[in-house]
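Student: Submitted below is the structure of interest, expressed as structure tokens.
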Amino acid sequence: ALPSSVRIVEVSPRDGLQNEKTMVSTVDKIELINRLSDCGLKTIEATSFVSPKWVPQMADAAEVYAGIDKRPGIAYPVLVPNLQGYERARAVGVQEIAVFTAASEAFNQKNINASIAESLERFAPVITAAQDDGVRVRGYVSTVLGCPYQGEVPLSDVVRVAKDLYAMGCYEISLGDTIGVGTPAKARAMLQAVAAEVPMDALAIHFHDTYGQALANILACLEEGVSVVDAAVAGTGGCPYAQGASGNVASEDVAYMLQGMGIKTGIDFTKLVGTGVWLAGRLGRETGSKAGRAYDP
Ligand code: HMG
Ligand code: MG
């Protein structure tokens, strides 16, 4: 059954910007997040405390996090790959983190220089520290519908990694189609398989739109009962270590679809479109959101 309301997890400040070749200024990153906070979103992934040698665009994570307005009722999670990232995040008062691994060994090596098992070992002390500090932990599983390096990813691997992250204490597991190769029937089957082991209300979906399938995949997953959807305004995004990955599904397109279906999001669509158009302008291109291009308030 379809959910009556959906929480959009806005990932443009992190996933949306991490793959941008041109450096986006810290001031613009802060303005983006503050604008997003005005749109009625409940979760805004603010930045990532990864190695600046690996992802130079996120080198100003501490300045960005320290600079944003933290509005009551909005969570501002950040990506953390290891204890060093956790400590940098905590030094500026981060209250929620996301750890990230993949269902594919080949992708994990490229992205975080670790096997799946090594990555989980690395997260264990991070999650323990977070629990001691009262910090919430979200978990990502990448390459759930295909890997740029190994191709097919067995469903059993997706289920196992999601289950492990949940058992380790992640309150929510986001299932990522990193390179946007999935199609609706596969997306649905993947979600069903994971939901047999992890409660549906602890699952989120994260679709990149490389092949134009993201909205269709999201609809299939909504029909299975998932109610948390990751998206990025202007359709920005992509992982620098996932060859061929393109943008996330555009938040404006998801919000438009949900609104049309009578599913509550709490989002001010006009403001969201305005933020996407503003961001695209800062990046020097047209918005990647079809709804954003079409809508004329
Ligand atoms: P490594 O090179 O194996 O790490 O990288 P290391 O521990 O050997 O450290 C190497 C250097 O990095 C050292 O510096 C460390 O201090 C430094 P040096 O001694 O050479 O001067 N370092 C750090 N500096 C700052 N903050 C840190 C940190 N950690 C180490 N946290 C590592 C391993 C995990 C660090 C690296 O591979 C990395 O940062 N990877 C992140 C890649 C990334 O951000 N990818 C994109 C996010 S995932 C994604 O987009 C997918 C998602 O959207 C879902 C989906 O779509 O599927 C979430
Ligand atoms: Mg992503």
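The values are calculated or read from the model by the stated rules, or taken from the named source; none is laboratory data. Given the structure is predicted, the values throughout are model-derived calculations rather than measurements. Don't worry about glycine lacking a Cβ; one is built from the backbone with ideal geometry, like all the others, and counts go over all protein chains shown.
Student: Residue by residue through the range 130-165, note down the ones that are surrounded by fewer than 19 Cβ atoms within 10 Å (Cβ to Cβ) and aromatic (Phe, Trp, Tyr).
Tutor: The answer is Tyr149, and nothing else.
Student: Something else now. Only one of Ala62, Ala98, Ala114, Ala129 is modelled with pLDDT of 95 or more, out of contact with any Asp or Glu (no Cβ under 6 Å at 6 or more places or on another chain) and farther than 21 Å from Pro240 by Cα. Can you tell me which?
Tutor: Among Ala62, Ala98, Ala114, Ala129, only Ala129 is modelled with pLDDT of 95 or more, out of contact with any Asp or Glu (no Cβ under 6 Å at 6 or more places or on another chain) and farther than 21 Å from Pro240 by Cα.
Student: Thr236: within 16 Å of ligand 1 (Cβ to nearest atom) and buried (at least 23 other Cβ atoms within 10 Å of the Cβ), yes or no?
Tutor: yes
Student: Something else about it: Quick check, is Glu31 farther than 26 Å from Gln192 by Cα and outside any helix (DSSP H, G or I)?
Tutor: no
Student: Search the range 242-293 for residues being within 16 Å of ligand 1 (Cβ to nearest atom) and hydroxyl-bearing (Ser, Thr, Tyr), and hand back the single one that is farthest from Leu215 (Cα to Cα).
Tutor: Ser246
Residue-wise test of (1) among the polar types (S, T, N, Q); (2) assigned to a helix (DSSP H, G or I); (3) modelled with pLDDT of 95 or more.
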| site | (1), (2), (3) |
| --- | --- |
| Glu197 | no, no, yes |
| Ile218 | no, yes, yes |
| Ala231 | no, no, yes |
| Pro240 | no, no, no |
| Ala245 | no, no, no |
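Student: Residue under question is Ser37, and the condition is that it be away from ligand 2 (no atom under 16 Å from the Cβ), out of contact with any Phe, Trp or Tyr (no Cβ under 7 Å at 6 or more places or on another chain) and without any contact (Cβ under 8 Å) to a residue 40 or more places away in the chain; does it hold?
Tutor: Answer is yes for this residue.
Student: Considering only the range 115-152, how many residues are away from ligand 1 (no atom under 13 Å from the Cβ) and touching a Cys at 6+ places or on another chain (Cβ under 6 Å)?
Tutor: 1
Student: For the subset of the range 71-104 comprising residues that are charged (D, E, K, R) and crowded, with 17+ Cβ neighbours inside 10 Å, which member is nearest to Leu203 (Cα to Cα)?
Tutor: So the residue we want is Glu96.
Student: Within the range 70-89, take every residue that is more than 16 Å from ligand 2 (Cβ to nearest atom) and touching a strand residue (DSSP E or B) at 6+ places or on another chain (Cβ under 7 Å) and give me the one that is farthest from Ser142 (Cα to Cα). Step through it out loud before you land on a result.
Tutor: Filtering the range 70-89 for residues more than 16 Å from ligand 2 (Cβ to nearest atom) gives 70-76, 82-89.
Next cut, touching a strand residue (DSSP E or B) at 6+ places or on another chain (Cβ under 7 Å) only: 74-76, 86, 89.
Numbers: Ile74: 25, Ala75: 22, Tyr76: 21, Tyr86: 20, Ala89: 22 Å.
Step by step, filter the range 70-89, then rank; the result is Ile74.
Student: Sticking with this one: Please enumerate the residues belonging to the range 164-189 that are touching a helix residue (DSSP H, G or I) at 6+ places or on another chain (Cβ under 8 Å), part of a helix (DSSP H, G or I) and within 23 Å of Arg122 (Cβ to Cβ).
Tutor: Asp164, Leu165, Tyr166, Met168
Student: Which one is farthest from ligand 2 (Cβ to nearest atom), of the residues in the range 104-142 that are within 15 Å of Ile173 (Cα to Cα) and in contact (Cβ under 8 Å) with a residue 60 or more places away in the chain?
Tutor: The residue in question is Arg136.
Student: Scan the range 2-28 for residues that are within 16 Å of ligand 2 (Cβ to nearest atom) and either assigned to a loop (DSSP other than H, G, I, E, B) or touching a helix residue (DSSP H, G or I) at 6+ places or on another chain (Cβ under 9 Å) (or both) and jot them down.
Tutor: From the range 2-28, those within 16 Å of ligand 2 (Cβ to nearest atom) are 8-20; that's our starting set.
Matches in the range 2-28: Ile8, Glu10, Val11, Ser12, Pro13, Arg14, Gly16, Leu17, Gln18, Asn19, Glu20.
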